[in-house]
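Below is one structure, written out as structure tokens, with a few remarks after it.
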Amino acid sequence: MTVSPTTPRPSSRLLGLGWFLCATFFFYAFLQRVSPSVMVAGLMRDFAVGGAILGNLSAFYYYAYASSQIPVGVLLDRLGPRRLVTVALALVAVGSFVFAEAETLGSAYLGRLIIGLGCAFSFPAALNYAALWFAPHRFATLGGTAQMLGMIGGVAGQAPLGALVEAVGWRTAVLGIAGFGAVLALASGLVLRDPPSTTKVVNHGENGRFSGLKRVLATKQVWLASGFGMAMTSAMLAFGGLWGVPYLMQAYHLPKETAAALISLLFVGWGIGAPLSGWLADRFRLRRVFMVSGASLATLGITATIYLPHPGLSTLAVCLVVQGLGASSMVLAFSVVRENTPPWAAGTAIGVTNGFVVGSGAIFQPLLGWLLDLRWDGTLVAGARIYTPANFEFAFLVLPVIGVIGILCALAIRETHGQPLVEEA
């Protein structure tokens, strides 16, 4: 999709506002992503479920999000962001309303599924809008800024949302989130612009439109980078996004607001580390060394958070920030993928990798819930299952293991020195 030179270009202010709305969509999507972590007790009580079912309920967001990444990229390329972002935000608002009003587990599943489907357009739309309307040398900066806004959404979905849930209940809080999405959808429909486009279809080989996907799936470096990305997001999405708050409440006897504030430091570390990792990797034209060091920091951070004997809250806070700083090296997975695939397959490659990155939530949230149920001793408080610190420590063993797998993937990645693949299609 290219801008026609004969069509008047919208003002820079309007385009900047449009990109900001797309990036705010990612903020909103991340808030939606982590919001169940401050609703655990209420969800368990209202739907009479345990950890495995609750993890599955939260993960329905990721099922829809991760599985739709490739078609999302194709749709954005073909239709442009304005209509798609507006409709996607409206879907999120509708899904939030369904979830807030759900009386059965099936209705709650449906609500989370709709939310995830709409949110699947958030980060790709921010990147797409930047690519369509802004100079190439600003793309990385805008992408890093969008990631930072997403992390701010992660922070907002912890202590601030937790306080709101405590004050008005999870259902009313989710209705408020739905209202925010509706306002954002209206603003996007009014502000976003689709550039005039010319459709140019190139037939790469005999399979045409599927040749890009075949090329990507046949590239070992894409699989390694995707595995690395999945490993780096596992703790953020499973621990930070769902099980970290109840763990800290039990292990440290903290009120929900304090536990949520501590967990939000993981997202603060990520928000600082994501643009820093990208800048360092570009500055020194190295990928692998920063991926290995990032994965090592992330693994050390999550291991210390869970298994360090009786740390003070200040030490715990440092461990969470370190985990986020290290895990944010996930952003380099997209650089590796871009530099190991030809330009005509780049969009598909990014979609595949992003599917793995977000798919970690779909895998690890319910897996940790199942492991918690495996050691549950039958204790209930106000209808919600109570897990002991030992239960959590048993289930969380998965996280350091997946961190080590991330280190191994990073070690196996071929260093590109920032040079893109040059290949005739």
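Bear in mind that the values in this text are calculations on the coordinates, not laboratory data. In this text, all values refer to a predicted model and were calculated from it rather than measured experimentally. Neighbour counts run over all protein chains shown; Cβ positions are idealised from the backbone, glycine included.
Computed values, structure above
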quantity: Residue-wise HN-Hα coupling along segment 316-327, computed from phi with Karplus coefficients 6.51, -1.76, 1.60 (Hz; x: Gly, Pro); calculated: 4, 4, 4, 4, 5, 5, 4, 4, x, 4, x, 5
quantity: For segment 308-425, convex hull of alpha carbons as volume per residue, Å³; calculated: 147
quantity: Helix-derived mean residue ellipticity, 222 nm - over the chain, DSSP H n ≥ 4, -39500 (n - 2.57), to 500; calculated: -24000 deg cm²/dmol
quantity: Ascending count of other beta-carbon atoms within 10 Å, so fewest first, for Val38, Val165, Val404, Val321; calculated: Val404, Val321, Val165, Val38
quantity: Cubic angstrom per residue, convex hull over Cα atoms of segment 74-122; calculated: 53
quantity: Paramagnetic label zone (point 7 Å from Cα along Cα-to-C-beta, Asp377; backbone N under 18 Å) in segment 212-253; calculated: 247-253
quantity: Angle in degrees between helix 12-34 and the longest Cα principal axis of the chain, rounded to the nearest 10; calculated: 30
quantity: Dimensionless Rg/Rh of segment 353-413 - Kirkwood Rh, Rg from C-alpha atoms; calculated: 1.12
quantity: Residue-span extension gain [Arg283 to Ala48] - 0.36 nm each, minus C-alpha spacing; calculated: 79.4 nm
quantity: Length gained when the stretch Lys220-Trp370 is fully extended (0.36 nm per residue, less Cα-Cα span); calculated: 50.8 nm
quantity: Cα long-axis angle, helix 398-412 against the chain (0 to 90 degrees, to the nearest 10); calculated: 30
quantity: Estimated inter-spin distance, Arg193 and Leu213, nm [label 7 Å along Cα→Cβ]; calculated: 3.4
quantity: 5 angstrom amide H check on Arg287, placed H, neighbours 5+ away; calculated: Thr416, His417
quantity: Rounded FRET efficiency, nearest 0.05, which uses the C-beta distance separating Arg78 from His253 and R0 of 51 Å; calculated: 0.40
quantity: Globularity ratio of segment 253-365, using Cα Rg and 2.2 N^0.38 Å; calculated: 1.21
quantity: Enclosed volume per residue, in Å³, of the convex hull spanned by Cα atoms of the chain; calculated: 132
quantity: On Cα atoms only, tilt of 256-283 relative to the major axis of the chain in degrees; calculated: 30
